1. So which residues in the range B:14-29 are in contact with a helix residue (DSSP H, G or I) (Cβ under 9 Å, 6 or more places away or on another chain), surrounded by fewer than 20 Cβ atoms within 10 Å (Cβ to Cβ) and of a type outside the set (A, V, I, L, M)?
2. Identify all residues within the range A:317-346 that are polar (S, T, N, Q) and either more than 10 Å from every other protein chain (Cβ to nearest Cβ) or within 30 Å of the chain's Cα centre (by Cα) (or both); write none if there are none.
3. Just need a number here: residues in the range A:394-413 that are within 19 Å of A:GLY181 (Cα to Cα) and of a type outside the set (Val, Ile, Thr).
4. Which residue, of A:ASP238, A:ASP226, is assigned to a loop (DSSP other than H, G, I, E, B) and not polar (S, T, N, Q)?
5. Determine which member of the set B:LEU47, B:LEU41 is within 9 Å of another protein chain (Cβ to nearest Cβ), over 21 Å from the mean Cα position of the chain (by Cα), part of a helix (DSSP H, G or I) and modelled with pLDDT of 95 or more.
6. Report yes if A:LEU75 is out of contact with any Asp or Glu (no Cβ under 8 Å at 6 or more places or on another chain), at pLDDT 95 or above and within 14 Å of chain B (Cβ to nearest Cβ), otherwise no.
7. So which residues in the range A:339-357 are in contact (Cβ under 8 Å) with a residue 12 or more places away in the chain and either of a type in the set (Val, Ile, Thr) or surrounded by fewer than 20 Cβ atoms within 10 Å (Cβ to Cβ) (or both), if there are any at all?
8. Specify the residue that is surrounded by the fewest Cβ atoms within 10 Å (Cβ to Cβ); the eligible residues are those in the range A:93-108 that are more than 19 Å from the chain's Cα centre (by Cα), touching a residue at least 40 places away in the same chain (Cβ under 8 Å) and over 15 Å from A:PHE205 (Cα atoms).
Amino acid sequence: MTATDALWKLSLAEVARRIRAKDVSAEEATRACLARVAAVEARVHSFIHLDGEAAISAARAIDARLATGDEVGPLAGVPIALKDVLAAEGTATTCGSKILEPFVSPYDATCVARLKRAGAVSLGKLNMDEFAMGSTTEHSAFGPTRNPWSLDHVPGGSSGGSAAAVAAGECFATLGSDTGGSIRQPASFCGVVGIKPTYGRVSRFGLVAFASSLDQIGPLARSVEDTALMLEVIAGHDPRDATSLDVPTARWTDEVGKGVKGLRLGIPKEAFGEGLDPEVGAAVRASIERLAGEGAEIVDVELPHTPYAVATYYVLAPAEASSNLARYDGVRYGLRAGQDGSLVDMYKRTRSAGFGDEVKRRILIGTYVLSAGYYDAYYRKAQQVRTLVRRDYEKAFERCDALVMPVAPEPPFKIGEATGDPLRLYLSDVLTIGVNLAGLPGISVPCGASKAGLPIGLQIVGPPLREDTLFRVAGAWEGVSGWKNRVAPLDGSSAGGAA
Amino acid sequence: MTIERKDVVHVAKLARLDLNEDEIERMTRQVDQIVTYMRSLDELGPLDPADVPPTAHVLDVSCPLRADEPRPSGQDEAILERAPGRRDRFYTVPKVIE
């Protein structure tokens, strides 16, 4: 194997350093990733659209600038890819849906523009559950993505393509979006790092809306440092998003090696209750013990409204979605199904042909809870319980600097295992959705593997705007765990035992 | 049963969705199961809005305003050319008024 062949296995930080030092060219790095994509993509199916030619020409432009000594950004020449919920000028932006299949974006999302400015090279757009609704990526109109560690299993979702691409070594980092766990859960299922920043940290301009009060964009990569590097580029105030926070960003990469000495880590007892898979529980508890060994103080805390979080979320998120998805009517862009009959007939035909099963289900739920006579019983009540969930976290953070818990109560599902039982899948979101309801930052880092070789994730949750603490704790864990920069071999072997 | 067939048919109409017989049957069963589960929020009893105000948004969103200065988007043509039906500078749709 030549040095160029193995480039795709490096960390993002390392490949960026080598490109800047001109040890390798951006084109070589891009070609190495494209070769890996060619070798594994038929089995994994991370991408909805792959544009190798555009990537190579972007990489050559970076190389030309490096050759003339031009100032280049921190991600110069680094191959990345984007969840297909993000607008990128001149590329299809389908959201995993037939209704947007014909749509080519005329503009860049703010986070995409920032990545380009930083010199990143996009390979294309990644698979996802339709409109980010789901936790397996089986609800994509373009077929499921498979877990690179075990092709019979789902990669999680809705950012399943984003997690699988990184785990499979197809690129160095990706962007996902997280409304109820859609970055953290697939990161956990695929053995990579994924962070959902504080609500308002990353501009949502150019993110196709699912549930606007919950949606947040974040990066996935194979190490904590790589994720921090990506967040440094995409975070920051944007006047084009009214909910974008005008607060300073930070050098989060500096936090990764600081250790946990003196930090108080809260263990919410509700996260270790009934329904937690024993292997997941054991792996997470072992991680907490190791963090205590590194000097963290462990305190027990309570999040008493956790049992109501799923019900609250599945009122509020579909309600917001039913309103956001009203715009898909076949008039201005995307699919139009036929011209016959009345305008309303055209709306109905277009929406019925364009939306998949899960999206229709959530539109029905959302429309129901907002409809006359039911608003107070469901929507208003859920908004009140959202207040109670937020207060739980506020109270817990009076006693600790961060919470440590599992990401998902179970290891990855088999493909097809739960598609007929939506409520079962909704219930599996129980440990991630509270973080969205409260607008908090949360990170998922690999913490082991099940006996069957499937990755298990550790979730760290902080108070608003304390991403620095998340990177400290996640970095400390990564340092002692050995779970860093692992690429799924895709040669028939598995994730192996816990490190 | 919290949700019956007629509820799904009514809500589908509000949401501008045409469901076939299979979908109506399946969605009635699944949405009933989900909405019944949502009723678990009733276990918390009535919540006084004075003690527990609803959270619409985690941020104290006061809608930020900018100066009302018109400027060209420069994208009129790019936006119009994405329309499934278009004539000149207009979107075309099936006839609304006879």
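The values are calculated or read from the model by the stated rules, or taken from the named source; none is laboratory data. All values derive from a computational prediction rather than experimental measurement. Every residue, glycine among them, receives a Cβ derived from its backbone with ideal geometry; neighbour counts consider all protein chains shown.
1. Within the range B:14-29, the first condition is being in contact with a helix residue (DSSP H, G or I) (Cβ under 9 Å, 6 or more places away or on another chain), and the residues that meet it are B:14-20, B:23-28.
Now drop any that are not surrounded by fewer than 20 Cβ atoms within 10 Å (Cβ to Cβ), which leaves B:14, B:18, B:20, B:23-26.
Correct list: B:ASP18, B:ASN20, B:GLU23, B:GLU25, B:ARG26.
2. Of all residues in the range A:317-346, those polar (S, T, N, Q) come to A:322-324, A:339, A:342.
A:SER322, A:SER323, A:ASN324, listed by residue number.
3. Adding up the residues that qualify gives 10.
4. Details: A:ASP226 fails: assigned to a loop (DSSP other than H, G, I, E, B).
It is A:ASP238.
5. After applying the criteria, what remains is B:LEU41.
6. On the way: out of contact with any Asp or Glu (no Cβ under 8 Å at 6 or more places or on another chain): yes; at pLDDT 95 or above: yes; within 14 Å of chain B (Cβ to nearest Cβ): no.
Considered against the rule, which asks whether it is out of contact with any Asp or Glu (no Cβ under 8 Å at 6 or more places or on another chain), at pLDDT 95 or above and within 14 Å of chain B (Cβ to nearest Cβ), A:LEU75 comes out as no.
7. Step one: filter the range A:339-357 for residues in contact (Cβ under 8 Å) with a residue 12 or more places away in the chain, giving A:346-347, A:349-357.
Selection gives A:THR350, A:SER352, A:ALA353, A:GLY356, A:ASP357.
8. A:PRO102
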